[in-house]
Amino acid sequence: MLRPAGRQVPEDVAVIGFADFPLARHTEPSLTTVRQPLEEVGRTMVRLLMEEMEQPEVAWRHVILRTRLVVRDSA
């Protein structure tokens, strides 16, 4: 949609994706993206679920996991 509108990436518009799927390296231009620690997300969710099952009265918690910006050609 950007090219037909006469816009260029990254000159006119920066595009950033999320999750760093393998396809991001092969787009034109290659996609800048945020990489999530997917295995750590899974482990953390299982741990929190098990804790919730053991102590359902415990209040909800926020968990922040470290992400990484993977800079490629789109930004």
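Please treat every number below as a calculation from the coordinates, not as lab data. From a predicted model like this one, the values you see are computed outputs, not experimental measurements. Positions of Cβ are generated from backbone atoms using ideal geometry, with glycine treated the same way; all protein chains shown enter the neighbour counts.
Take the residues in the range 39-75 that are within 14 Å of the chain's Cα centre (by Cα) and either hydroxyl-bearing (Ser, Thr, Tyr) or in a loop (DSSP other than H, G, I, E, B) (or both), then tell me which one is nearest to ARG25 (Cα to Cα).
Among them, the one singled out is VAL71.
In the range 57-75, which residue that is touching a Ser or Thr at 6+ places or on another chain (Cβ under 9 Å) and among the β-branched types (Val, Ile, Thr) is surrounded by the most Cβ atoms within 10 Å (Cβ to Cβ)? Step through it out loud before you land on a result.
Quick first cut of the range 57-75, residues touching a Ser or Thr at 6+ places or on another chain (Cβ under 9 Å) only: 63, 65, 69-75.
Now drop any that are not among the β-branched types (Val, Ile, Thr), which leaves 63, 70-71.
Values: VAL63: 10, VAL70: 16, VAL71: 11.
Per the criteria, the residue is VAL70.
Of the numbered conditions (1) exposed (fewer than 11 other Cβ atoms within 10 Å of the Cβ); (2) closer than 14 Å to LEU65 by Cα, GLU40 satisfies every one except a single condition; which is it?
Failing condition for GLU40: (1).
Being surrounded by 10 or more Cβ atoms within 10 Å (Cβ to Cβ), at negative phi and aliphatic (A, V, I, L, M) is the filter; apply it to the range 1-22 and report the residue that is nearest to the chain's Cα centre (by Cα). Please lay out each step first, then the result.
We begin by selecting, within the range 1-22, every residue surrounded by 10 or more Cβ atoms within 10 Å (Cβ to Cβ); these are 2, 7-10, 12-21.
Still in the list and also at negative phi: 2, 7-10, 12-18, 21.
Keeping just the survivors that are aliphatic (A, V, I, L, M) gives 2, 9, 13-16.
Working: LEU2: 22, VAL9: 20, VAL13: 19, ALA14: 16, VAL15: 13, ILE16: 10 Å.
Checking each candidate, the answer is ILE16.
Would you check if there is a residue in the range 1-15 being in contact (Cβ under 8 Å) with a residue 24 or more places away in the chain and in a helix (DSSP H, G or I)? Outline the logic, then answer.
Narrowing the range 1-15 to residues in contact (Cβ under 8 Å) with a residue 24 or more places away in the chain: 9-10, 14-15.
Cutting the leftovers down to in a helix (DSSP H, G or I) gives us none.
Checked against the condition, which is being in contact (Cβ under 8 Å) with a residue 24 or more places away in the chain and in a helix (DSSP H, G or I), the range 1-15 yields no hits at all.
Those residues that are in contact (Cβ under 8 Å) with a residue 40 or more places away in the chain, in contact with a Ser or Thr (Cβ under 6 Å, 6 or more places away or on another chain) and not in a strand (DSSP E or B), I need them from the range 16-37; list them, please.
Within the range 16-37, ASP20, ALA24, PRO29, LEU31 qualify.
Does GLU54 meet the test of being free of Cβ contacts under 8 Å to residues at least 60 places away in the same chain, among the acidic types (Asp, Glu), at negative phi and surrounded by 11 or more Cβ atoms within 10 Å (Cβ to Cβ)? Working first, answer last.
Values: free of Cβ contacts under 8 Å to residues at least 60 places away in the same chain: yes; among the acidic types (Asp, Glu): yes; at negative phi: yes; surrounded by 11 or more Cβ atoms within 10 Å (Cβ to Cβ): no.
It is false that GLU54 is free of Cβ contacts under 8 Å to residues at least 60 places away in the same chain, among the acidic types (Asp, Glu), at negative phi and surrounded by 11 or more Cβ atoms within 10 Å (Cβ to Cβ).
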